[in-house]
Amino acid sequence: MSADPVDTETAHSARIYDYILGGKDHYPADREAGDAMAREWPALPVHMRANRNFMNRAVRYLAEEAGIRQFLDVGSGIPTSPNIHEIAQSVAPGARVVYVDNDPLVLALSQGRLSGTAQGRTAYVEADMREPATVLDSPAFRETLDLGEPVALAVIAIVHFMLDEHDAVGIVRRLLEPLPAGSYLAMSIGTAEFAPDEVGRVAREYAARGMPMRLRTRSEAEEFFTGLDLVEPGIVQVHKWRPDGTGTEAIRDEDIAMYGAVARKPG
């Protein structure tokens with residue numbers, strides 16, 4: 001386990017997300033930040049719930065319809081039920097999931113919350129996705145996932161914290177590279193195209209707390225999927241990706257600042 005202490009005095013993106021989603025793993029700095037952001041854009045909780053629901057639908061699609069039995073969740077954040085392994089293993093009890101994050105609190109919480117079915121496996125890798133080799137070379141990755149079989153790579157609500165110098169597109173491609181044909185990429189990608197003023201103010205609140213953002217246009221979002229076969233309906237706002245009718249709140253397009261898509265690696 002990491003010896004790094006949890007910095008409770010500084011707001012953290014994963015804990016802000018947890019707070020706004022109604023979780024309990026956050027500190028006063030995170031609550032202050034989340035409240036400030038929601039004042040700037042009252043739709044922020046709607047947006048965050050829609051992103052989480054997109055991830056859940058994408059995982060269920062991958063497990064039920066695409067037959068995927070292995071998942072790599074990079075930038076997993078604080079475990080919130082239902083998590084990827086719970087959804088995947090409810091469809092296929094033998095499903096295997098590797099979670100990746102670099103926050104000490106996420107690591108600590110994951111130790112007790114990521115136990116899955118007896119038939120399946122879950123593992124946690126403490127690594128920074130900006131260094132893909134630390135993920136791909138980790139024993140937990142190598143021992144949990146069989147690279148002879150397809151893997152679904154999930155990169156949910158994280159690349160907007162990666163600036164141009166981080167080369168987010170290149171990092172996602174390097175993570176996909178060792179995965180065999182028939183693997184999938186599921187992503188949600190932050191954008192300011194639908195509520196530029198409000199989302200811009202939220203981004204400034206993040207930046208003021210040391211978390212600068214790089215929000216992307218639709219054409220920039222497309223770059224992540226070059227060479228992959230997009231699953232219908234392609235790249236859309238997350239609430240429009242295969243809605244299943246379970247959502248109870250009416251969602252306006254201007255309340256959502258995230259594109260979502262799922263795509264298959266051909267071969």
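The values are calculated or read from the model by the stated rules, or taken from the named source; none is laboratory data. It should be emphasised that the depicted structure is a prediction, and the values quoted were computed from it without experimental measurement. Cβ: placed from backbone, ideal geometry, glycine included. Neighbour counts: every protein chain shown.
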Filtered residues of the stretch 1-29 (kept if in a helix (DSSP H, G or I), among the hydrophobic types (A, V, I, L, M, F, W, C) and out of contact with any Asp or Glu (no Cβ under 7 Å at 6 or more places or on another chain)): Ile20
Of the criteria (1) of a type in the set (A, V, I, L, M, F, W, C); (2) within 26 Å of Phe71 (Cβ to Cβ); (3) in a helix (DSSP H, G or I), which one Val202 fails: (2)
Single condition Ser219 does not satisfy, out of (1) farther than 28 Å from Glu40 by Cβ; (2) free of Cβ contacts under 8 Å to residues at least 24 places away in the same chain; (3) not aliphatic (A, V, I, L, M): (1)
Pair list, Cβ < 7 Å and 6+ apart or interchain, from the stretch 123-148 residues that are closer than 15 Å to Leu175 by Cβ to residues that are of a type in the set (Asp, Glu): Thr134/Asp128
Selection count, the stretch 30-57, where residues are in a helix (DSSP H, G or I), in contact (Cβ under 8 Å) with a residue 40 or more places away in the chain and more than 17 Å from the chain's Cα centre (by Cα): 4
Lone unmet requirement of (1) at pLDDT 95 or above; (2) under 21 Å from Ala92 (Cα atoms); (3) more than 19 Å from the chain's Cα centre (by Cα) for Gly120: (1)
Ile189 vs. criteria touching a His at 6+ places or on another chain (Cβ under 8 Å) and modelled with pLDDT under 95: no
Residues being touching a helix residue (DSSP H, G or I) at 6+ places or on another chain (Cβ under 9 Å) and assigned to a loop (DSSP other than H, G, I, E, B) - total across the stretch 210-233: 11
